[in-house]
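Below: the structure, in structure tokens.
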């Protein structure tokens with residue numbers, strides 16, 4: 001029903017408006033007595049064999065929502081009812097910012113892909129914290145950390161540490177995002193010197209806490225093997241807890257859609273699947289599985305998710321696949337994992 005009736009209607013509306021529509025529809029539906037129970041009963045697969053303990057946290061199942069879908073931390077309670085084991089909120093920056101001019105997100109249905117150049121649009125730390133105080137779900141919540149576009153890279157560490165401190169009491173793990181291609185000069189922070197400075201600073205704050213929390217690094221799919229070797233080295237040096245592989249790609253290889261009128265931005269979806277899986281496999285094998293990996297990129301089917309897990313991922317996340325395949329995607333993946341077991 002979703003793909004045959006609902007999705008064709010939604011795809012006629014600008015993507016950001018659809019996102020708001022989905023958010024308010026979910027909130028209204030969950031407020032109706034009995035609806036939350038019915039949705040939970042339909043979408044949740046409760047089986048102890050799906051549980052995963054990763055970087056010290058216990059996940060009810062291995063399927064989560066990637067950062068970017070719940071930027072403002074105002075949907076995570078509703079998304080958890082759809083059967084996801086974790087939801088990553090953000091990217092959150094210290095101050096509110098509008099992001100890039102609209103239109104800034106484009107569907108490529110022929111390619112089962114999205115191109116976005118959102119630019120870390122979000123309300124900043126304070127609104128995110130207020131929303132996180134309304135947490136009702138037991139699902140794991142991650143916080144994706146970014147810097148304001150106006151902050152020079154030389155001062156980026158100030159922004160990342162500020163968001164870390166602001167969100168610390170309200171999320172279960174953190175992700176340092178330096179690989180989004182939609183923020184001016186952000187990818188320069190993937191250079192080893194910048195990256196080590198940020199990770200060491202965040203880890204120093206973390207280690208000073210009574211109960212430190214896991215810190216992960218989100219990497220781009222466009223890194224070469226030499227750069228991935230540097231990632232492995234940085235994880236070892238800074239003692240962070242894992243990697244998310246991968247962010248969106250700047251590549252436009254083998255697209256059916258004419259992307260020239262769309263312009264720049266990060267692409268997600270089916271064209272990213274192999275590239276992200278290759279990164280996962282390389283990091284897992286080259287490091288001898290020295291750290292956990294969350295696999296994301298091009299997951300539309302249960303088999304796509306299983307391929308990521310078999311390549312070395314401990315958990316998976318969906319974003320574009322959720323938009324194209326609909327709200328039952330976590331249920332389908334979890335059922336397939338159980339069947340394979």
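Read-outs throughout are calculated quantities, based only on the coordinates presented, and are distinct from any laboratory measurement. Only a predicted model underlies this, so the values are computations on that prediction, with no experimental measurement involved. With ideal geometry, Cβ positions are generated from the backbone for all residues, glycine too; neighbour counts draw on all protein chains shown.
Miscellaneous remarks
- Beta-bridge orientation, the chain: approximately 30 percent antiparallel, per DSSP, counting only bridges with both partners inside.
- Among 118, 267, 30, the residue with the largest mean-square fluctuation in a Gaussian network model of the chain, with springs joining Cα atoms closer than 10 Å, is 30.
- Theoretical FRET efficiency, 1/(1+(r/R0)^6), r = Cβ-Cβ of residue 14 and residue 251, R0 30 Å, to 0.05: 0.75
- Packing around the peptides 276-285, 139-148, taken as the average count of other Cβ atoms within 10 Å per residue, puts them in this order, highest first: 139-148, 276-285.
- Residues of segment 120-163 with amide N under 11 Å of a point placed 7 Å along Cα→Cβ from residue 95: 148-152
- With the convex hull constructed from alpha-carbon coordinates only, the chain shows a mean projected area of 16.3 nm² over all directions.
- Here the calculated FRET efficiency for residue 21 and residue 328, from their Cβ-Cβ distance with R0 = 22 Å, stands at 0.75, rounded to the nearest 0.05.
- With an a/c value of 1.5 or above and a/b larger than b/c for the gyration tensor axes a ≥ b ≥ c computed over the alpha-carbon atoms, segment 164-245 is described as prolate.
- Only helices enter this figure: runs of n ≥ 4 DSSP H residues, each worth -39500 (n - 2.57), summed and divided by the residues of the chain, yield -11500 deg cm²/dmol at 222 nm to the nearest 500.
- Residue 229 versus residue 31: modelled label distance in nm, points set 7 Å from Cα along the beta carbon direction: 5.7 nm
- Calculated FRET efficiency for the pair residue 209/residue 258, C-beta based, R₀ 56 Å, to 0.05: 0.65
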